[in-house]
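Everything below concerns the one structure shown next.
Derivation of every value follows stated rules applied to the coordinates shown; laboratory data play no part. Not measured: the values here are computed from a predicted model. So basically every Cβ, Gly included, is an ideal-geometry build from the backbone, and we count neighbours across all protein chains shown.
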Amino acid sequence: MDLDYRLRAALDRALADVRVAAQAEVDEVRRSSEATTSTLRATAARLSDCVQAVDEAPSLGAVLTVLAGCARLEAGRASVVLVTKDSLSSYPSRAAVGGDQARVAMRAAQHGTAIIESEAAAFPVAVGGQVVAVLFVAAHSSPDVQQALDLLTRHAGRVLEAMIVSRISGLITPQAAADPAGSGS
């Protein structure tokens, strides 16, 4: 065998190895992209369902209950903390809030913005610019989950505002809110 033939054979083998490695990387990127797309679609569907559930909540308390449930779907451990002046209480039990939960929730309430820490996050629920509750998440979450929770808390605040305005203006009575189907029973 001459040198040119051996050199060409070695280059062909090296090129074939590079092609196989490149194809493997392309396949891995494709699988990863498909998995990410699937995850994003599932998250978008869950978020859409949660927004709709908040919209359909029949009472102020139900909005907060739905918000907490949806947050648990996204982030695992989550709770709603009620804010009155400078005090905090758990919803719905009205128990005192302490420790890190109180510290992070109070910061979110005072600043009116989401507070993200390494192991916890708090998202304010504002009505008319006043923070009335805070969604507390007790575990680290991804930026995508944080954005979803921020959107849900903002939406819940708007729904609470609409409910309050509707009741004050007489557009809806508490009895009609409890019986949205209008069955009269």
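Odds and ends about this structure:
- Shape category assigned to the range 32-179 from the gyration tensor of Cα positions, a/c cut at 1.5: oblate
- With Cα atoms, 0 to 90° folded angle of helix 143-169 axis to the chain main axis: 20
- For V18, net neighbour charge (Lys/Arg +1, Asp/Glu -1) across residues whose Cβ lies under 12 Å away: -1
- Anisotropy class of the range 63-147 from Cα gyration tensor, a/c 1.5 cut: rounded
- Within a Gaussian network of the chain (alpha carbon springs, distance under 10 Å), most fluctuating of V20, V66, V81: V20
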